[in-house]
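The values are calculated or read from the model by the stated rules, or taken from the named source; none is laboratory data. Keep in mind that this is a model prediction, so the values were computed, not measured. Reconstructed Cβ throughout: ideal geometry from the backbone, glycine too, with neighbour counts over all protein chains shown. Heads up: the accessible areas ignore ligands, DNA and RNA and are worked out on the full protein's heavy atoms, side chains in. Shrake-Rupley method; radii C 1.70, N 1.55, O 1.52, S 1.80 Å.
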Amino acid sequence: MFFIDDHRYMALALRLAERGLYTTDPNPRVGCVVVREGRVAGQGWHLRAGEPHAEVHALQQAGEQAKGASVYVTLEPCSHHGRTPPCADALVAAGVARVVVAMEDPNPAVAGRGTERLRAAGIEVDVGLLQTQAEVLNPGFIARHRRGRPYVRCKLAMGLDGRTAMASGASKWITSAAARADVQKLRARSSVIVTGINTVLADDPRMNARVDFEARQPDRVVLDSQLRMGPQATMLSLPGVTWLATLSRDERKRAALAQAGARCLDLEGADGRVELDGLLNALADLEYNEVLVEAGPTLSGAFVQAGLIDELIVYLAPHLMGDAGRALLHLPGIDTMRQRVKLQLTDLRQVGDDLRLTYRPA
């Protein structure tokens, strides 16, 4: 049973959790509030993997006021020893009276065990308050545990006529400076950025997050089935890991790239192309939660046609690029209206001179 004040305190916990949006990976973003006699006695959020969880920060701030208090936490307190001790045990030791949880831990190995530990200690536990809002904070963490692959976003930019580049391939800059800054925030919240070897060979991109706030730099994956990437590629000199998803077992190329800092991710494939399902499974095994696909129309289209995109983010610029320009996506085999890829618009907002449209599969 939930009360009006419960919603207010859980909303505060959710806002606290958002402060870890760019730093907690691969851990979830979690916020916690300790309330004693109608007053917030302590609050905290998880900031980085390996550091104390939200509950520990909130309990430390509350001190003796935690005894007999109500605790609001956006994710079920952990009950196992990971990088840090179990938060459920910390709550029991603090003597709290009630714990309100927004959502159960999606990890099947631990789901429900944290709340069981609390109830076994005589603590009142209520689960499910503002669960939808809590799930929005951690789509990748949830996806990785529930379905065995990360949450995948695909970012694209186009003019009003659906073109992403001129016929010559020139594409700088389609969108405004504000839209490009917005993309940097997308990168900053992502665990890993995926692109194709043709993009790397054509543009030598950095694929890092250039932001003015603290953020964990995303790792990078280049789909490079034949190891065509050169050891001088700029991204190899930047912080974070650069993976080369490949079919090649050429030891000479592998050694040269390894010396430059690249790591090979050996995958299966067909027709000279890396199998995308296998790629996402491998990224989940590496504990990547949120994937951002920033690639050309062929690779982006392949992700869409394979049904592997959870969110399509399109920046629409207010200009026309001509019918000889390059299309947004390469989607072969769509010949009839019934074969259209149906999408649902979930968000629309103006960013600088451009529009940002967010879609999910219908």
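Take each uninterrupted DSSP H stretch in the chain, measure its Cα extent along the helix axis, and return the ones at 18 Å or beyond whose mean Kyte-Doolittle hydropathy is at least 1.0. Mind dumping the intermediate values first?
Details: long enough: 4-17 (20 Å, 0.19); 177-189 (19 Å, -0.57).
TM-like helix candidates: nothing returned.
Report the net charge of residues surrounding ALA111, where surrounding means a beta-carbon distance below 13 angstrom and charges are Lys +1, Arg +1, Asp -1, Glu -1.
Numbers: positive: ARG113, ARG117, ARG146; negative: GLU76, GLU104, ASP105, GLU116.
Result for the neighbourhood of ALA111: -1.
Out of residues 5 or more away from ALA165 or on other chains, whose amide H comes under 5 Å of its own, with H placed 1.01 Å from N in the peptide plane?
For ALA165, the qualifying residues are ARG326.
Select from segment 280-362 those trypsin sites (Lys or Arg not before Pro) which occupy a DSSP coil region and have at most 10 other Cβ atoms within 10 Å, ordered by residue number.
Values: sites: ARG326, ARG338, ARG340, LYS342, ARG349, ARG356; in loops: ARG340, LYS342.
Sparse-neighbourhood loop trypsin sites (Lys or Arg not before Pro): ARG340, LYS342.
How much area per residue is accessible in segment 104-219 when the probe is 1.4 Å and only protein heavy atoms are counted (Å²)?
In whole numbers, segment 104-219 has 45 Å² accessible per residue.
What FRET efficiency, computed as 1/(1 + (r/R0)^6) with R0 = 35 Å and r the Cβ-Cβ distance, is obtained for GLU116 and GLU275, rounded to the nearest 0.05? Walk me through the numbers on the way to the answer.
Values: r = 39 Å, r/R0 = 1.13.
Efficiency at R0 = 35 Å is approximately 0.35.
Using each residue's phi in segment 103-109, evaluate 6.51 cos²θ - 1.76 cosθ + 1.60 at θ = phi - 60° and report the 3J(HN,Hα) Karplus result to the nearest Hz, with x for Gly and Pro.
Rounded to whole hertz, the list is 8, 6, 4, x, 5, x, 6.
Can you give me the solvent accessible area of VAL33 with a 1.4 Å probe, rounded to the nearest 10 Å²?
0
Just to make sure I understand: if all protein chains stay in place, what is the order of HIS145, HIS46 by accessible area at 1.4 Å, largest first? Don't skip to the end; give the middle numbers.
Working: HIS145 40, HIS46 5 Å².
Result of the area sort, largest leading: HIS145, HIS46.
Length gain on complete extension for the stretch SER176 to ASP266, per 0.36 nm per residue less the alpha carbon to alpha carbon distance?
Numbers: separation 90, 0.36 × 90 = 32.40 nm, distance 3.78 nm.
That works out to 28.6 nm of additional length.
With every protein chain kept in the model, how would you rank VAL152, VAL341 by accessible area, 1.4 Å probe, largest at the top?
Values: VAL152 0, VAL341 65 Å².
The most accessible residue leads, giving VAL341, VAL152.
Which lysines does LYS185 reach when only Cα atoms under 26 Å apart count, and residues fewer than 8 places away in its own chain are ignored?
Straight-distance partners of LYS185: LYS155, LYS172.
Go through segment 344-356 residue by residue and turn each phi into a ³J(HN,Hα) via Karplus (6.51, -1.76, 1.60, θ = phi - 60°); whole Hz please, and just put x for glycine and proline.
10, 6, 10, 7, 9, 8, 8, 10, x, 8, 9, 10, 10
Rounded to a whole number, what % of the accessible area of the chain do carbon and sulfur atoms account for, probe 1.4 Å? If you can, show how the numbers build up before the last one.
Details: 8420 of 17080 Å².
On the chain, the fraction of accessible area on carbon and sulfur atoms equals 49 percent.
To the nearest 10 square angstrom, what accessible area does CYS32 show with a 1.4 Å probe?
It works out to around 0 Å².
Given [x] 0.99; [y] 1.21; [z] 1.11 as candidate values of Cα Rg over 2.2 N^0.38 Å, which corresponds to the one derived from the coordinates?
Label [z] holds the value from this structure.
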